[in-house]
Amino acid sequence: MITLRPANERGHADHGWLDSWHSFSFANYHDPRHMHWGPLRVINEDRVAPGQGFGTHGHRDMEIISYVIEGALGHKDSMGNSASIVPGEVQRMSAGRGITHSEYNHDSEGTTHFLQIWIIPQITGIAPGYEQKAFPEAEKRGRLQLVVSPDGRDASVTIHQDALLLAGLFDGDEHAEYAFAPGRLGYVHLVRGELTVNGIGLAAGDALKLEDETTLTLTQGRAAEVLVFDLPPLQLV
């Protein structure tokens, strides 16, 4: 079963300094049909205005992934990490038993465009953790590159959940296939461009929820950047 989640049906919040589209219920956007998909709890597409950002705030018991599309995202946290995240890099922060951090666009002119992704962990109350890695364009061109996993294989960043995140870039005749193990859930989020997935045409911000599907086929990309999640089933209480 494949369910299309059109970009323009997502929740939307415009705070002036922040323009945000919510794929799942978040803050003032609540939709019981879109609470989570397996352990995938949040995909917020955020655009942060020049010189603006999220002040220091806290999280706990969540795996938080930042995926920058344009610009740079300045990060500081209570573990002592201070970094700038740019396109091609993936940052993972395990909130564990508690962490505070801030995120800013320090550019005085350009907007920072990024995805904020939350994944519910398998275990709670762990020590907070941080990881950031670069994945060059060549590694994602015409294929799906593993960028997040539970065991750090293929130089991916590590999360505390049996979930995989793959990223790919597709244009023209470039194509790829991906196989899901029985019982797994899939989620496809098109970051930008156009792409056909299992015969369904997607535009930027569109997504697909997949259940009981064995194969994913990606074709007909036009400047496409895509994220593919391979997820275990999960019931939230």
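The values are calculated or read from the model by the stated rules, or taken from the named source; none is laboratory data. Just so we're clear, the structure is a prediction, and the values are computed from it rather than from any experiment. Reconstructed Cβ throughout: ideal geometry from the backbone, glycine too, with neighbour counts over all protein chains shown. Just so you know, the surface numbers come from the protein's heavy atoms only, side chains and all, with ligands and any DNA or RNA stripped out. Shrake-Rupley method; radii C 1.70, N 1.55, O 1.52, S 1.80 Å.
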Check: the chain dipole with +1 on Lys, Arg Cβ and -1 on Asp, Glu Cβ, in debye = 500 debye
Taking the dipole of the chain about the Cα centre (Lys, Arg +1; Asp, Glu -1; charges at Cβ), the one of Leu208, Pro128, Leu185 that reaches farthest to the positive side is Pro128
Expressed in nm², what is the orientationally averaged projection area of the convex hull enclosing the Cα positions of the chain?
-> 12.2 nm²
Would you mind working out the magnitude of the charge dipole of the stretch 1-113 relative to its Cα centre, with +1 at each Lys and Arg C-beta and -1 at each Asp and Glu C-beta, to the nearest 20 Debye?
-> 440 debye
Add -39500 (n - 2.57) for each DSSP H run of 4 or more in the chain, then divide by its residues: what number comes out at 222 nm, to the nearest 500 deg cm²/dmol?
-> 0 deg cm²/dmol
Identify all aspartates and glutamates with a Cα-Cα distance to Lys133 below 19 Å; exclude those on the same chain that are fewer than 8 residues away in sequence.
-> Glu63, Glu70, Asp77, Glu89, Glu103, Asp151, Asp154, Glu225
Just reorder Thr124, Thr3 by solvent-accessible area, largest first, 1.4 Å probe, all chains present.
-> Thr124, Thr3
Give me the percent of the accessible area of the chain that comes from carbon and sulfur atoms, probe 1.4 Å, all protein chains in place.
-> 49 percent
Cα gyration tensor, the stretch 35-175 - rounded (a/c under 1.5), prolate or oblate = oblate
Length-normalised contact order for the chain - Cα pairs under 8 Å, 6+ apart - percent | 20 percent
For the stretch 1-61 and the stretch 152-206, compute the distance between their C-alpha centroids and round to whole Å.
-> 19 Å
How much accessible area per residue does the chain have, in Å², with a 1.4 Å probe?
-> 44 Å²
So if we plug the beta-carbon distance of Leu4 and His106 into 1/(1 + (r/R0)^6) with R0 = 35 Å, what FRET efficiency do we get, rounded to 0.05?
-> 0.40
Does the stretch 136-237 come out rounded, prolate or oblate, given a ≥ b ≥ c as the square roots of the eigenvalues of its C-alpha gyration tensor, rounded meaning a/c under 1.5 and, failing that, prolate meaning a/b above b/c?
-> oblate
